[in-house]
Amino acid sequence: MTSRTPGRSCALPGGTVGRLLDRASRDAFPLDGRTGAPPARCTVRALPADGRAVGEARRFTGGTLSDWSLGHLAENAALIVSELLSNALRYGLGTTPGTRQGPPPAVWLGMLLRRGTVLFAVCDHSAAVPRVREPDYFAQSGRGLHIIECLSETWGWTTPDTDGKAVWAAVSCPEAGRRPPPPAPRPEPRAWASAPLPVRAPYEQAAAAGFAVHAFGNER
């Protein structure tokens, strides 16, 4: 697991993040404990809880997917990660505006690749769980969870405890590093041989067909 932290602003220690991501993985892949699934590729990133978080998360997501040969997922993944983070920053900090002292706490973004599925998880230390609301098409917010639901195969959150929670979304993908086979070669076009047709002058063709031929200027 690759862990990157922004310094003193970390609200969740690395061990806590690992436990939350493990719970998210067990929720997203419930059969792995029974089938002995192969190890997954996993990376995490701590993000400051301010206006920089979404941009950093999108760049981190795109770079990681590119390293995993899954760059074609970057556009939808950026939307999913943006919405997960926006909800964590808005509802998951667990503090009242104006009461925080010092730098804002960090939230964590984890990405896990296993069995043709990428898991995106955002960890925070709040016990508040997401609530899906009826979309208001005239409102400027409130549709984030609907976007996540549309772009992922499944999503959810871990049961909150003293460590906090992780909200996650799973996206299916081709196995990393595999490319589709090249297309079969197209057959060469065949040249069809044909006997040349005799070329005759228009008057000769008409006369051969039994038609009377009149030269212009000789009609009476």
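The values are calculated or read from the model by the stated rules, or taken from the named source; none is laboratory data. The structure presented is a predicted model; accordingly, all values stated were derived computationally and were not measured. Using ideal geometry, Cβ is built from the backbone for each residue, glycine included, and neighbour counts are taken over all protein chains shown. What goes into the accessible areas is simple: the full protein's heavy atoms, side chains included, and nothing from ligands, DNA or RNA. Shrake-Rupley method; radii C 1.70, N 1.55, O 1.52, S 1.80 Å.
Some values worked out for this structure:
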| read-out | value |
| --- | --- |
| Output for the range 114-130, where each listed residue is within 23 Å of the chain's Cα centre (by Cα) and in a loop (DSSP other than H, G, I, E, B) | Arg115, Gly116, Pro130 |
| Failed item in (1) touching a Leu at 6+ places or on another chain (Cβ under 9 Å); (2) at pLDDT below 80, with Gln101 passing the rest | (1) |
| Residue tally, condition modelled with pLDDT of 80 or more, farther than 19 Å from Asn87 by Cα and either under 17 Å from the mean Cα position of the chain (by Cα) or not in a loop (DSSP other than H, G, I, E, B) (or both), over the range 21-63 | 11 |
| Hey, Gly94 touching an Asp or Glu at 6+ places or on another chain (Cβ under 8 Å), at pLDDT below 95 and surrounded by fewer than 17 Cβ atoms within 10 Å (Cβ to Cβ) or not | yes |
| Residue count, the range 156-179 (criterion: open to solvent by less than 50 Å² (accessible area, probe 1.4 Å), within 18 Å of the chain's Cα centre (by Cα) and at pLDDT 70 or above) | 7 |
